[in-house]
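In what follows, a single structure is set out as structure tokens and then discussed.
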Amino acid sequence: GPEGKTPGYLGVHQRLERDISGVLVLTRRREANRSIAEQMEQRKVKRTYLAVVTGTPGTPGRGKPPEYGVLRHRLVSISGAHRVLPGTAREGTPSTISFRVVERRGPHTLLALTPEPGCVIDLPAQLGAEGAPLVGDLERGGQPAHRLGLHLSELILVHPETKHPLKIEAPMPAFFRDWLDGTDPLSNASIVERRLREAAERRLGIARLERTDCFRL
């Protein structure tokens with residue numbers, strides 16, 4: 001492998017839950033593992049998510065929906081899931097999330113959500129408890145969709161060598177824009193064709209590599 005990198009080595013640090021898209025963090029140098037692993041385990045990394053929801057969290061009654069705010073909950077772990085309690089409850093682990101409205105389209109809202117570093121979070125459960133379920137989250141009253149409307153768009157950590165902040169970003173998937181525009185991607189053949197062409201074009205370079213014998217479109 002290249003100088004300074006262990007041949008064939010790949011460390012995985014930032015994983016994603018099954019239904020969420022976004023930033024992944026991998027390391028190719030074992031020396032970087034300790035610093036990255038500690039930041040991840042101690043939840044020192046700053047994360048920003050994009051979410052498409054119905055309504056807006058924190059809307060009091062019929063008042064004007066807020067453009068930004070803070071969600072304060074306490075989470076009780078139950079068999080791998082979480083029960084969401086008000087922030088004033090005595091039991092559970094505190095969880096604080098700042099949110100900002102990026103865009104509104106009819107009943108749908110695009111949110112930017114930034115959990116406070118160190119917090120345990122369960123965004124689908126917390127947004128559902130706020131009456132603003134994620135698109136695709138049928139369990140909590142979200143509208144049916146072929147994927148969950150949640151995306152890890154930005155992650156900021158400390159570079160293991162320079163000690164400077166390192167920002168890693170993943171662009172918003174086309175699904176979010178289509179949904180906000182009122183387009184159902186699965187019912188529109190032209191969108192399906194466009195997605196397939198874009199995916200093939202992105203991977204064309206892989207197909208042309210001399211040692212490649214298979215790849216995923």
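Among all stretches of the chain without exposed GluC sites (Glu not before Pro) (DSSP loop, at most 13 other Cβ atoms within 10 Å), which one is longest?
Details: sites that count: GLU3, GLU17, GLU67, GLU91, GLU161, GLU210.
The answer is 92-160.
Express the relative contact order of the chain as a whole percentage, based on alpha carbon pairs under 8 Å and six or more residues apart in sequence.
Working: 387 pairs, mean separation 44.0, N = 217.
That works out to 20 percent.
Which FRET efficiency value, to the nearest 0.05, is calculated for GLU210 and VAL12 with the Förster distance at 25 angstrom and r the Cβ-Cβ distance? Could you put the intermediate results ahead of the total?
Working: r = 27 Å, r/R0 = 1.07.
Step by step, r from the Cβ atoms, then E = 0.40.
Check cross-link reach from LYS44 to the aspartates and glutamates: straight Cα distance under 16 Å, and skip same-chain residues fewer than eight apart.
GLU116, GLU154
Just to make sure I understand: if all protein chains stay in place, what is the order of THR109, THR93 by accessible area at 1.4 Å, largest first?
Per-residue accessible area, sorted high to low, gives THR93, THR109.
So which trypsin sites (Lys or Arg not before Pro) in segment 62-146 are both in a DSSP loop and have at most 13 other Cβ atoms within 10 Å of their Cβ?
On the way: sites: ARG62, ARG72, ARG74, ARG83, ARG90, ARG100, ARG104, ARG105, ARG140; in loops: ARG62, ARG90.
Answer in residue order: ARG62, ARG90.
Any chance you could check the Cα centroid distance between segment 115-181 and segment 14-37 for me, in angstrom?
16 Å
For segment 164-208, which trypsin sites (Lys or Arg not before Pro) are in a loop by DSSP, counting at most 13 other Cβ atoms within 10 Å? Kindly include the intermediate steps, with their values, before the conclusion.
On the way: sites: LYS167, ARG177, ARG194, ARG195, ARG197, ARG202, ARG203, ARG208; in loops: ARG208.
Sites meeting the loop and neighbour criteria: ARG208.
What residues qualify as long-range amide H neighbours of LEU166, i.e. H under 5 Å apart, gap of 5 or more or another chain, H built at 1.01 Å from N?
The list, which skips near neighbours in sequence, is LEU157, VAL158, HIS159.
Place a point 7 Å from Cα of ARG105 in the direction of its Cβ. Which residues in segment 132-147 have their backbone N less than 14 Å from it?
135
Can you return the aspartates and glutamates within cross-link range of LYS64? Criterion is Cα-Cα under 18 Å, with same-chain partners fewer than 8 residues away left out.
Leaving aside aspartates and glutamates fewer than 8 places away in the same chain, those within reach of LYS64 are GLU103, GLU130.
Report the label-to-label distance for CYS119 and ARG147 in nanometres (one decimal), using points 7 Å from each Cα along the Cα→Cβ vector.
Each label point is offset 7 Å from its Cα along the Cβ direction, giving 2.5 nm.
What chymotrypsin sites (Phe, Trp or Tyr not before Pro) in segment 35-139 are in a loop by DSSP, with at most 16 other Cβ atoms within 10 Å of the Cβ? Each step should come with its number before you reach the end.
Values: sites: TYR49, TYR68, PHE99; in loops: none.
When the chymotrypsin sites (Phe, Trp or Tyr not before Pro) of segment 35-139 are filtered for loop state and at most 16 Cβ neighbours within 10 Å, nothing remains.
Take the Cα radius of gyration of segment 108-184 and divide it by 2.2 N^0.38 Å, with N its residue count; two decimals is plenty. Display every interim value, and only then the final one.
Working: Rg = 15.1 Å, N = 77, 2.2 N^0.38 = 11.5 Å.
In units of the 2.2 N^0.38 Å rule of thumb, it is 1.32.
Given the convex hull over the Cα atoms of the chain, what projected area results after averaging over all orientations, in nm²?
Numbers: hull surface 60.8 nm².
Projected over every direction and averaged, the Cα hull of the chain covers 15.2 nm².
Remind me, what semi-axes does segment 59-177 give for its equivalent ellipsoid, largest first in whole Å, using sqrt of 5 times each Cα gyration tensor eigenvalue? Intermediate results must be reported in sequence, preceding the final value.
Working: eigenvalues 114, 87, 46 Å².
After diagonalising the Cα gyration tensor, the semi-axes are 24, 21, 15 Å.
The values are calculated or read from the model by the stated rules, or taken from the named source; none is laboratory data. Computed from a predicted structure; not experimentally measured. Neighbour counts run over all protein chains shown; Cβ positions are idealised from the backbone, glycine included. Just the protein is used for accessible areas: all its heavy atoms, side chains included, with ligands, DNA and RNA removed. Shrake-Rupley method; radii C 1.70, N 1.55, O 1.52, S 1.80 Å.
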